[in-house]
Amino acid sequence: MINETILHRLFCQHYSEMIHLAGTFLYSEEEAEDAVQDVFMRLLESDILPADGKEKSYLMVAVRNNCINRIKQKSLKEQIRHLYSLEAETDLIDAEERVEKLEAICDYADSHLVEPHRSIFRLRFQEGLKLKEIAQQLGMNLKTVFKYLSQSIEEVQKHYRH
């Protein structure tokens, strides 16, 4: 097992950046905290210690991978619900209002996102394609598609938070 003193040092040095990264993927403070906690728990239970000078990179990649796995486990409905999260009010909005909000999100994305962000957003949320399918269809790298989609979601969320 990894030395708890070393783990505590890593926690103190990198926790806030890890939470920020997880938050950009998961859009939920609770989920971000859970993802980061999972990384530290796995590190504590393992015999693997990040190389000196590479701790931050190791931890950030671990957070990113954990977040990607969490996103893959979510249904499309959950992903869209988090896209325009309205906290507890979400359950009170009737179906017609939800459809209007989704249409507004898609309209905003169509009018404000630039290519290839717009196409990737549309293929993911309107066509329901998986990231790998989008990458193949557009002839792009999977990581690039993921990066563009993350940026698009962040931009749409910023618009609807204000």
(request) Please work out which residue is farthest from the chain's Cα centre (by Cα), limiting yourself to the range 55-69 and to residues that are surrounded by 16 or more Cβ atoms within 10 Å (Cβ to Cβ) and either among the charged types (D, E, K, R) or not assigned by TED's automatic domain parsing to the domain that holds H8 (or both). (result) E55
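Anything in the range 36-74 that is assigned to a helix (DSSP H, G or I) and without any contact (Cβ under 8 Å) to a residue 24 or more places away in the chain? List them, or say none. Don't jump to the end; show me each part of the working.
Of the range 36-74, the ones assigned to a helix (DSSP H, G or I) are 36-45, 55-73.
Across the range 36-74, the qualifying residues are Q37, M41, R42, S57, Y58, V61, A62, N65, N69, K72, Q73.
Under the condition of being in contact (Cβ under 8 Å) with a residue 24 or more places away in the chain and in contact with an Asp or Glu (Cβ under 9 Å, 6 or more places away or on another chain), which residue from the range 8-24 is farthest from N66 (Cα to Cα)? Step through it out loud before you land on a result.
Narrowing the range 8-24 to residues in contact (Cβ under 8 Å) with a residue 24 or more places away in the chain: 10-11, 13-14, 17-18, 21-22, 24.
Filter again for in contact with an Asp or Glu (Cβ under 9 Å, 6 or more places away or on another chain), leaving 10, 13-14, 22, 24.
Working: L10: 18, Q13: 19, H14: 16, A22: 9, T24: 13 Å.
Among those residues, the one meeting the criterion is Q13.
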(message) I'm trying to understand the selection: among the residues of the range 112-157, which are under 25 Å from S28 (Cβ atoms) and small (G, A, S)?
(response) G128, S150, S152
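The values are calculated or read from the model by the stated rules, or taken from the named source; none is laboratory data. Keep in mind it's a predicted model, so treat the numbers as computed, not measured. Backbone-built Cβ (ideal geometry, glycine too); neighbour counts: all protein chains shown.
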